[in-house]
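Working notes, beginning with the structure itself.
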Amino acid sequence: MAYILARAVNWFAQILIVILMARAILSWFAQNPYSPARKWYDLSVRITEPIVSPCRRLLSRFNTGMFDFSVLLAFFLIEIVARVITLIIYGIAY
């Protein structure tokens, strides 16, 4: 049972990372509000904004210039949280 739960956590984390990558790439092509890329970009923003917004607020304390590293920070946080949850699941199960 612990293995299945740990796999589900890892799959969920990987899905979020793929959506974050799609958000980053589609942001270059989503200039036209009527393009299909814009619709996919808006969907990815709606899904990932609860994760990216706190990262953006955290990074606003530092002067990063015109670059937005909040998506990159979200990548790292998702990976770290997924690994910690997986370790907790295996620690409780065994």
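What follows draws every value from the coordinates through simple rules; no lab data is involved. Predicted model only: the values in this text are computed from it and were never measured. Here the Cβ is made from the backbone with ideal geometry for all residues, glycine too, and neighbour counts use every protein chain on show.
Key figures
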item	result
Exposure proxy order (Cβ contacts within 10 Å, fewest to most) of 40, 28	28, 40
Degrees separating the helix 36-59 axis from the principal Cα axis of the chain, which is the longest one	70 degrees
Sorted by Cβ neighbour density within 10 Å, fewest at the top, the residues 92, 19, 51	92, 19, 51
The chain - percent relative contact order, Cα under 8 Å, separation 6 or more	41 percent
